[in-house]
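To start, the structure itself, in structure tokens.
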């Protein structure tokens, strides 16, 4: 439901099953930044380095969406996995794909402990680039639900965890909040979705866009815009009406991109309307499955103050935790010692201690 807006009287729907006990994070060691990777910018840039090659040989599945678009879903199934065993869905960030370093790294980690892994690629991304007429954006939470529905059918039984990185994290938080609030219907498989992790999610898109206007961040703007314009789906390239919006001069900031291209091509009035409707922050209090939001105090792209309303709203929440590390940049978290990536350790702890859930 794209047009749903939260309000001050937002309540839980009362339809939730008893949530699994939250994992214990008190004994998690604090983040200690890598001796040679200090500062949020360096952490962010080096997070893009390629991981060691792993034994990934996925089966490609397709997720059919109501508007006719399709999403690519890459299924890596351990040889001893059986229905009832754990499954995880990974969702990448704005310029990512199934091959993003964190996607490959996390997939290998979960496969190593016998968990079936599905890597979802957003609209117009990766293998599904030319099977989409629409752009991906922060509010595509229904796409995540459609992918989870496909996974529930393929796996038949067992717990499902969903992990979203950056933009993917916002989509998942928004999806869970819309369901928890009762705005969107609760899927039949919902009791199986027993863990959610969002890493560096832009929960307040307007604040993040404002932050990106800073001259210091113009390099990031150029990187994102160049990548996104180069990755336009073929059906969109064939539309003269759509391509008229891509005439030079090209946007210089993400706000200009959203105002000129993302918002109007996705059915929003303007960038402000897009940010208001697609931000996950207002929906987080309605989430009723065990959820961890991980961010860092020196993230250059998602300012730490954008989490202030969320932190206040979930102070006594029974299902949602916010973990702020002292460093790590944006999806970096390169740590001193072993393991080298703090976010991987946090995700593993949150997702590994499962309570049995009923099969639907």
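Brief remarks on what is shown
- Residue list for the stretch 177-203, restricted to those being closer than 26 Å to residue 300 by Cα and touching a strand residue (DSSP E or B) at 6+ places or on another chain (Cβ under 9 Å): 196, 197, 198, 199, 200, 201, 203
- Contact map, the stretch 54-66: first residue part of a strand (DSSP E or B), second residue modelled with pLDDT under 95, Cβ cut-off under 7 Å, separation 6 or more or different chains; pairs are 60/127.
- Every residue from the stretch 235-282 that is under 23 Å from residue 126 (Cα atoms) and at pLDDT 80 or above: 254, 257, 258, 261, 262, 263, 265, 266, 278
- Selection status of residue 149, more than 19 Å from residue 117 (Cβ to Cβ) and either in contact with a helix residue (DSSP H, G or I) (Cβ under 8 Å, 6 or more places away or on another chain) or surrounded by fewer than 24 Cβ atoms within 10 Å (Cβ to Cβ) (or both): no
- Residue ID - modelled with the lowest pLDDT, chosen from residues in the stretch 31-50 that are assigned to a loop (DSSP other than H, G, I, E, B) and surrounded by fewer than 16 Cβ atoms within 10 Å (Cβ to Cβ): 50
- Restricting the stretch 166-201 to residues that are within 14 Å of the chain's Cα centre (by Cα) and farther than 23 Å from residue 327 by Cα, the residue that is surrounded by the most Cβ atoms within 10 Å (Cβ to Cβ): 174
The values are calculated or read from the model by the stated rules, or taken from the named source; none is laboratory data. Predicted model only: the values in this text are computed from it and were never measured. All Cβ positions, even for glycine, are placed from backbone atoms using ideal geometry, and neighbour counts span all protein chains on display.
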